[in-house]
Amino acid sequence: MKKDFLWGAALSNVQAEGGYLEDGKGLNVYDTLVVTPEKGIPPMFCDTAVATDHYHHYKEDIDFMAEMGLKAYRFSVVWSRIHPLGDDEKPNEKGLAYYEDMVDYLLEKGIEPVVSLVHFDMPDHLLRTYNGFLNKKVIDFYAKHVETVVNRLKGKVKYWLTYNEINLAPYQSDLVAGAYCPDNMSKPELFVHLSINTAIAHARAVEVIKRVDPQAWVGGMIGHAPFYPLTCKSEDIIAADFKNKMHNYLPFDIMTSGQLPSYFLNYIQNRNINIKFDEKERQVILESSQKLDYLAFSYYQSSVQSSFDDITDFIELEDAILFDQRGLKNPNYTANEWGWQIDGEGLRYSLVDLYQRYHKPLFIVENGIGIDEKLVDGKVYDDERIQYYQKHIVSLKRAVEHDGVDLMGYLAWSPIDFLSSHKEIRKRYGFVYINRDFDDLLDLKRYRKKSFYWYQKVIANNGEDLSDDIHY
Ligand code: BG6
């Protein structure tokens, strides 16, 4: 791997910080939304008041990252810590100071910060009062928020991500885009409006970042799960192709070409959906496409898609595919307890596919496995995690060294334990265990897991030696 390859890790601050209403922070959608458990999982939710107390432990947590040898660390600036309501006239100085201090500490430790600008953290007030990104006013609030943050951190932060997993906005609209689907709006309409509005929000952020700090590198980001056809029947291949376009490629197609792709326009036209997309917005999307530096994505698993034999109407069929809830499984792969299938080579497939389609530098900004773990005598033997990472790093090396993909870096999910997006502490992702239970905060002490030492070794030898001969 090239010498400046960014080996690192990533975190969503809203899931780790806690510090619920401290120092002027406002409530955000992650704090307030009622969680629907993952399919088949008993609800064991934690409140977000303390989470894993990263708010108070951030220096200690960064010390662990430095000890692991991370070259880069991705975190998110919690929107409601800076603009507690979202439509505030003035930002919260304590929030800005907090993240500036975090960046300074990272730089002091020789770790490159990678900053996400919206990650499940829209101020709750923007959801209740404006219905989030379904309302164009919220795009203005967001652009103002981005400008405030970038102004404060410019010159210190080089890598920015405009919007975490932007392609998931239409599916989990409350958490990802701060918007509920109005009663008189169909799912396809919600899909179209949110896809357009979040694309405008992304473009506005690119414009702001490049204007405030022309040296900065800006990337768009999606949650990438490639859809394979369930069988080699042409109906299933067509279904998977449609799903990949609408679910995975759409945001990057818009971000890189600067226009709405023909398959999306076709989708809109076939359903007579009226879109609000004026000339100024078209222009900002077009101009931002020329300023975009890289494309980032999370990868946890691949998925499968099949057609529906009993649906003959094409429009109905497409929508059944797009909003498919059947949870189809790939018979070739095992899964973790939450049913997330493990397909290491799917990462190589994704890298090659995205690179061929966009010819832009790629950045893996999330990859990891959630495991229910127990602390025994101060130790956690997370061999399953090591095996997961081994498979995925072997696969990305093939994509880079054999297939010639231009990959900037790899950020494991995650340096420390935190609450899952469904507010579960049982589903742990960290290299560092944090001692709390779902209903008891215990002492929140930090412990290095076995994988901590394994990843430390991988980074030290630039991904050459992935063996797990770790003394622990
Ligand atoms: C991504 C998110 O969707 O997946 C993270 O960007 C999230 O915030 C991660 O934590 C893993 O998902 P989950 O639901 O297991 O937390």
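A few remarks follow.
- Among the residues of the range 18-32, the ones that are within 13 Å of the ligand (Cβ to nearest atom) and either part of a loop (DSSP other than H, G, I, E, B) or among the aliphatic types (A, V, I, L, M) (or both) come to 1 in all.
- Candidate set: the range 430-467, residues that are within 22 Å of G409 (Cα to Cα) and surrounded by fewer than 16 Cβ atoms within 10 Å (Cβ to Cβ); chosen: the one nearest to the chain's Cα centre (by Cα): N462
- Count of the range 12-23 residues which are within 17 Å of L175 (Cβ to Cβ) and touching a Lys or Arg at 6+ places or on another chain (Cβ under 7 Å): 0
- For beta carbons closer than 6 Å, sequence separation of 6+ or different chains, a first residue in the range 362-374 that is farther than 20 Å from Q390 by Cβ and a second that is assigned to a strand (DSSP E or B) and among the small types (G, A, S), the qualifying pairs are F363/A296; F363/G409.
- Candidates are the residues of the range 370-391 that are outside any loop (DSSP other than H, G, I, E, B) and within 16 Å of the ligand (Cβ to nearest atom); the one that is surrounded by the most Cβ atoms within 10 Å (Cβ to Cβ) is R385.
- Filter pass, V394 being farther than 25 Å from N164 by Cα, assigned to a helix (DSSP H, G or I), among the aliphatic types (A, V, I, L, M) and in contact (Cβ under 8 Å) with a residue 40 or more places away in the chain: yes
- Of all residues making up the range 402-427, the number that are within 13 Å of the ligand (Cβ to nearest atom) and of a type in the set (V, I, T): 2
- Annotation note: of V114, V146, the sole residue that is within 18 Å of the chain's Cα centre (by Cα), touching a residue at least 12 places away in the same chain (Cβ under 8 Å), assigned to a helix (DSSP H, G or I) and closer than 25 Å to E366 by Cβ is V146.
- Residues located in the range 338-369, provided they are assigned to a loop (DSSP other than H, G, I, E, B), closer than 16 Å to G223 by Cα and within 15 Å of the ligand (Cβ to nearest atom): W340, I342, N367, G368, I369
- Positions within the range 428-457 being within 20 Å of K379 (Cβ to Cβ), away from the ligand (no atom under 16 Å from the Cβ) and hydrophobic (A, V, I, L, M, F, W, C), in sequence order: L442, L444, F452, W454
- Residue that is among the hydrophobic types (A, V, I, L, M, F, W, C) and within 25 Å of L11 (Cα to Cα), where the choices are L190, L168, L134: L168
- Cross-chain or 6+ apart pairs with Cβ under 7 Å, the range 1-16 first and over 10 Å from A72 (Cα atoms), then crowded, with 21+ Cβ neighbours inside 10 Å and acidic (D, E): V14/D121
Every number here is computed from the coordinates shown, using simple stated rules; none is lab data. Keep in mind it's a predicted model, so treat the numbers as computed, not measured. Cβ atoms come from the backbone with ideal geometry, glycine included; neighbour counts cover every protein chain shown.
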